[in-house]
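To start, the structure itself, in structure tokens.
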């Protein structure tokens, strides 16, 4: 009675999932590409899948009952071996439990289709120092590699440690004897498969340590006792070949004072840029080399005093056209005084003080002149702001200069001129036009963009729709010139709104 009740509850609230089958490759398939991925059919009641893959029945050398979650495929990161039979078991699972009795399936790969690429040494790192002589050689797996040939020597191209040794299909090799002490070691890793060996893989190298922790080293820049050191100074020291890395401590004003760096690991190099120092301040800096056996003992700090922080460059002034110039040609080239210490200049040009509709914060690097892409608008006051900049930032509080371009004399006539128009086909202000009056006859109307480019020439009573070459122009300010029968010209601007 109790057993029957329990079975009813079990059936109502959940059941273990069914087994699945591989769909790529299919069970028993031969000549499978070594770069293939493995996929299987979904089981509706499964929430995840446990996968075991090996190169022998029941083997686990590729995956050992790995939880792949809800995924329905798996790609071996290092590819598959050519001409090898792989055995795979997939066990669907849910909260109730694992599928029961799932059978092992298999497939067999064919020949490799391409020679594998070169492998990357992971440990010890290329160029590293202070490497433990008992270190293993470890590299990144290379897809489709069936194995790896190792050549290791104490000279470039040398073979005195290993000579094209076949390490097999592994990515770590434990040398039978320790590497020699205080020696640069050269390593070449050559992946291979049935298609051949990888050609011309680069040789990499590292240097082993001795049997002791490293000795203290010498800081060579800044010098001990230095004065007026830059607040942006780097710290440079002599390499200790027994060290695999360095730690740095910096005190401000006194040893035991404020710590800018507290035994900070600054890597394996011999140069480090700490945070900027304060002006006119005494600093103490200590470098402590270390390796896997320990760190150097009783290393002494150096001291130095900073100077005044370098100032940003000065402001500049226009030479051509000079500030306040009149009747400047619209094709003028800006020229200004070069500033000592300036790496470049940020240029803004507009038709109002602080405006930038002609040139917007353009970086003029290494030059002290500027040629405009378009003609400047006629008879217009042009405002120019030039800000030199250097390694210590931009110049401060640089003023705006201006000049006025050449153009027809502007004489006010009693002509109604629209200040804006909205070409949206709603029947109101859809075009911009001006009309002659009883007192003043218009002989011609010219419309320009802010760069002085002629967009349209119209007559009195003729509207402009805001298009140029059949394409609508952006909402912006546009300039006009109106000639009258009195021999006068009227210039100004209006706004196109969209």
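All of the numbers you see were taken from the coordinates with simple rules; none came from a lab. Computed from a prediction, not measured in an experiment: that's the story for all the values here. Every residue, glycine as well, gets a Cβ built from its backbone with ideal geometry; the counts of neighbours run over all protein chains shown.
With a cut-off of 20 Å on the backbone N, the residues of segment 378-398 near the modelled label site 7 Å out from residue 325 along Cα-Cβ are 378-388.
Over every Cα atom in segment 88-168, the radius of gyration and the widest Cα-Cα span, Dmax, amount to 20.4, 61 Å. One Cα centroid belongs to segment 230-290, the other to segment 71-115; the line between them spans 53 Å. Each listed q (0.11, 0.21, 0.22, 0.25 Å⁻¹) maps to a log10 I(q)/I(0) for segment 121-207, found by the Debye formula over equal Cα scatterers with no solvent: -0.27, -0.98, -1.07, -1.38.
Rg of the Cα atoms in segment 219-306, relative to 2.2 N^0.38 Å, amounts to 1.03. With 10 Å bins beginning at zero, the pair-distance distribution over Cα atoms of the chain amounts to 3, 12, 11, 10, 11, 12, 15, 14, 8, 3, 0, 0 %. Could you state the angle between the C-alpha long axis of helix 2-13 and the longest principal axis of the C-alpha atoms of the chain, as a value from 0 to 90 degrees rounded to the nearest 10? Around 30 degrees separate the two axes. At a Förster radius of 22 Å, what calculated FRET efficiency corresponds to the Cβ-Cβ distance of residue 47 and residue 26, to the nearest 0.05? It comes to 0.30. For segment 400-472, the Kirkwood hydrodynamic radius from C-alpha pairs, put into Stokes-Einstein at 4 °C and a viscosity of 1.567 mPa s, yields a diffusion coefficient of 90 µm² per second.
The label point for residue 475 and the one for residue 18, both projected 7 Å from the Cα toward the Cβ, are 6.3 nm apart. Each Cα pair of segment 318-404 feeds into the Kirkwood radius, which the Stokes-Einstein equation turns, at 4 °C and 1.567 mPa s, into a diffusion coefficient of 99 µm²/s. The equivalent ellipsoid that matches the C-alpha gyration tensor of segment 15-108 spans semi-axes of 23, 12, 12 angstrom, in descending order. Full extension of the segment from residue 343 to residue 357, taken as 0.36 nm per residue of separation minus the current Cα-Cα distance, would add 2.6 nm. The order of 295, 252, 396, going from fewest to most other C-beta atoms within 10 Å of their C-beta, is 396, 252, 295.
Overall form of segment 1-158: prolate. Here a/c, set by the Cα gyration tensor axes a ≥ b ≥ c, is 1.5 or more, and a/b is the larger of a/b and b/c.
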